[in-house]
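First up is the structure itself, then whatever we jot down about it.
The values are calculated or read from the model by the stated rules, or taken from the named source; none is laboratory data. Computed from a predicted structure; not experimentally measured. All Cβ positions, glycine included, derive from the backbone under ideal geometry; neighbour counts span all protein chains shown.
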Amino acid sequence: MSNDRIAALRKAVEANPDDVLLRLVLAESLVTAGDIEPALDQYVVLLDQQGLPDDQFVPVGELAAANGRLALLRNLLEAARQKGVVEGTGRLQQLVDEMITERSGVKIKLGPEAETPYDVEAPKETTTFDQVGGMEDIKRVIHRMVILPLSRPELYEKYGRKSGGGVMLYGPPGCGKTLLARATAGECGLPFINVRIEDVMDPYLGVSERNLHAAFERARANAPCVLFLDELDALAFARHKHGGSEARRLVDVLLQELDAIGSENEGLLVLAATNAPWDVDEAMLRPGRFDRVIFVPPPDEPARADILSVLIKDVPADGLELKALAAQTPMFSGADLRALVERGVDRVIDEALTSGGEPPLSMRHLTAALPTVKPSTLDWLHRVRSYIEFANQSERYDDVAAYLRSRDVRRRLS
Ligand SMILES: Nc1ncnc2c1ncn2[C@@H]1O[C@H](COP(=O)(O)OP(=O)(O)O)[C@@H](O)[C@H]1O
Ligand SMILES: [Mg+2]
C-alpha cells in the first residue's frame with residue numbers, strides 16, 4: 001500500500017475519529033506497510049474506544065508482544081477479561097507471562113511431543129450439498145474447481161490444466177464456509193480432516209509447527225482425503241512478517257507443507273476458510289498454494305428461504321411462510337437465521353411450559369423473535385469495502401466488489 005493511500009486513510013480517520021471500522025482499517029494497513037509502532041498506537045485508541053473486535057484481541061496481542069509493548073498487552077488482557085472474550089484471555093495471559101519471563105531472563109521450556117488429535121471423519125458421516133441451503137452459484141463453482149478436477153483428472157490433463165493446489169473460502173462469518181467445506185468433502189466422497197486452530201496452536205516453542213506438520217502427515221496417510229484448515233488467517237497471518245521469528249515459522253511450515261502438494265501430497269485436497277482474508281499472508285495465494293479463492297457471500301433471499309427450510313426440517317412446525325420470513329431478513333447470515341429459529345423455538349417451549357400443550361413452531365413465534373436478531377454481515381461488508389477503497393487490495397476482492405455494486409446491497413450498506 002502506497003504512502004499516499006495511508007495518508008488519505010489517516011485524513012479520513014482524523015475527520016471521523018469515532019469511526020472505529022475506519023480506524024481499524026488504518027491500523028491494519030499500517031501493519032501491512034510495516035509501520036508497526038504507529039499501528040499499535042491506533043490499536044491503543046481502538047481499545048479505549050471499545051472498538052476493537054473480539055477476534056482482534058489475540059492478533060493485536062501477538063503484535064504487541066513481538067514489539068515489546070507490555071502495557072498494551074496488559075490492557076488487552078484486562079479488556080478481554082471484562083468483555084468475556086473467552087478464547088482470547090488464555091493466550092493473552094500466556095503472552096504476558098512469556099514477556100515477563102523473558103524480561104526476567106528465564107528460559108522457556110520445550111513442550112511435550114506433539115500428538116495427532118485430528119479426527120478423520122468417514123465420508124458417510126459427513127455433510128453433503130443437500131444440507132447447505134441456497135448457494136447454487138457457489139456449489140457450481142466448487143463443483144468445477146474442486147470436485148471435477150478430482151473426479152475427472154484425465155480431462156484436466158488433456159487440456160494441460162493443473163488440478164493441484166488448494167482452495168480458500170472467504171466471506172463474512174456465519175455464512176456457511178465451514179459447512180461448505182465439510183459438504184465438499186462429502187460430495188467428493190472423501191474423508192474429512194478438520195484442523196482447528198486450537199488443535200494447532202501451542203504456547204510451547206516449536207509445538208505449533210509440529211502440530212501442523214502432524215496434521216498434514218495424518219492427511220497424507222489417509223489420502224485421498226480433504227484437509228480443512230479453518231481460520232486460515234490465524235495460521236497464515238500476514239502480520240507475522242513483522243512479529244517475532246517464532247510466529248513467522250508457522251507460516252513457513254504451512255508454505256512448505258502446501259508446496260509438497262503434487263508430489264507427496266498426491267490425492268490430498270486442501271481447503272481453507274477465513275473471515276479475515278486481509279490478514280492472510282500474500283505468499284499463501286501464489287500458484288500451487290491457495291490459488292483458487294471463492295467468495296461466500298451472505299445468502300440472498302431465495303437462499304435464506306432455502307436455509308430456513310433446512311434449519312426447521314426436524315422441528316414440528318405449522319403454517320410457516322418461509323418466503324415471507326426470508327424477505328424480512330435481509331443481510332442475515334445462515335448463523336443469524338439459525339439464531340432466529342432457535343429463539344423462535346425458545347418461545348414455543350415457554351408456551352408449552354405455561355399452557356401444558358405441545359404447540360408447533362409457527363409464524364408468530366418467529367415474528368416475535370425477529371427484532372432480537374440483527375444481521376451480522378454488515379460490519380464485515382463495511383470493512384471489506386474500506387479495504388477495497390483504501391488499501392488497494394482490490395484485485396483480491398473482485399467478486400466482493402461486484403457483490404457490493406449490486407443495487408440491493410448498496411442500499412443496505414449506505
Ligand atoms: N447455507 C446454509 N445452509 C444451512 N445452514 C447454514 C448455512 N449457512 C450457515 N448455516 C448455519 O450457520 C452455522 C454457521 O455456519 P458456518 O459454516 O460455521 O459459517 P462460517 O464458517 O462461514 O463462519 C452452520 O452451522 C449452520 O447451522
Ligand atoms: Mg467457520
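Miscellaneous remarks
- Residue within the stretch 328-339 that is of a type outside the set (A, V, I, L, M) and touching a Cys at 6+ places or on another chain (Cβ under 7 Å) present: yes
- Residue list for the stretch 344-363, restricted to those being of a type outside the set (S, T, Y) and either part of a loop (DSSP other than H, G, I, E, B) or closer than 17 Å to A305 by Cα (or both): G344, G356, G357, E358, P359, P360, L361, M363
- Entry remark, the stretch 327-346: residues being within 14 Å of ligand 1 (Cβ to nearest atom) and either over 12 Å from L370 (Cβ atoms) or in the same structural domain as G134 (by TED's automatic domain parsing) (or both) number 7 in total.
- Residues located in the stretch 3-39, provided they are touching a residue at least 40 places away in the same chain (Cβ under 8 Å) and more than 27 Å from the chain's Cα centre (by Cα): A8, A12
- Some residue of the stretch 108-115 being in a helix (DSSP H, G or I), more than 16 Å from ligand 2 (Cβ to nearest atom) and either of a type in the set (D, E, K, R) or at pLDDT 75 or above (or both): no
- Considering residues of the stretch 50-101 that are of a type outside the set (A, V, I, L, M) and outside any helix (DSSP H, G or I) only, the residue nearest to the chain's Cα centre (by Cα): P53
- Just one of the listed residues (A317, A305) is over 30 Å from Y403 (Cα atoms), hydrophobic (A, V, I, L, M, F, W, C) and outside the structural domain of Y397 (by TED's automatic domain parsing), and it is A317.
- Each residue in the stretch 189-225 was checked for being within 30 Å of T377 (Cα to Cα), away from ligand 1 (no atom under 16 Å from the Cβ) and among the basic types (K, R), and 0 pass.
- Qualifying positions in the stretch 298-336 - more than 16 Å from ligand 2 (Cβ to nearest atom), in a loop (DSSP other than H, G, I, E, B) and farther than 25 Å from P359 by Cβ: D300, P330, M331
- Cβ pairs under 6 Å, 6+ apart, first in the stretch 172-188 and more than 7 Å from ligand 1 (Cβ to nearest atom), second small (G, A, S): A181/A273
- Scanning the stretch 369-414 for residues that are modelled with pLDDT of 85 or more, assigned to a helix (DSSP H, G or I) and more than 26 Å from V31 (Cα to Cα) yields a total of 11.
- If the condition is being more than 14 Å from ligand 2 (Cβ to nearest atom) and either among the hydroxyl-bearing types (S, T, Y) or within 14 Å of the chain's Cα centre (by Cα) (or both), then the stretch 173-199 contributes no residue at all.
- Look at the stretch 214-232: where a residue is farther than 19 Å from A183 by Cβ, no partner that is within 15 Å of ligand 1 (Cβ to nearest atom) and basic (K, R) sits 6+ places away or on another chain with Cβ atoms under 7 Å.
- Among (1) of a type in the set (A, V, I, L, M, F, W, C); (2) in contact with a Leu (Cβ under 7 Å, 6 or more places away or on another chain); (3) closer than 30 Å to V409 by Cα - the single one V315 does not satisfy: (3)
- Residue match in the stretch 131-142 (condition: assigned to a helix (DSSP H, G or I), within 16 Å of ligand 1 (Cβ to nearest atom), at pLDDT 70 or above and crowded, with 19+ Cβ neighbours inside 10 Å): yes
- Check on Y170, under 29 Å from A65 (Cβ atoms), away from ligand 2 (no atom under 16 Å from the Cβ) and of a type in the set (F, W, Y): no
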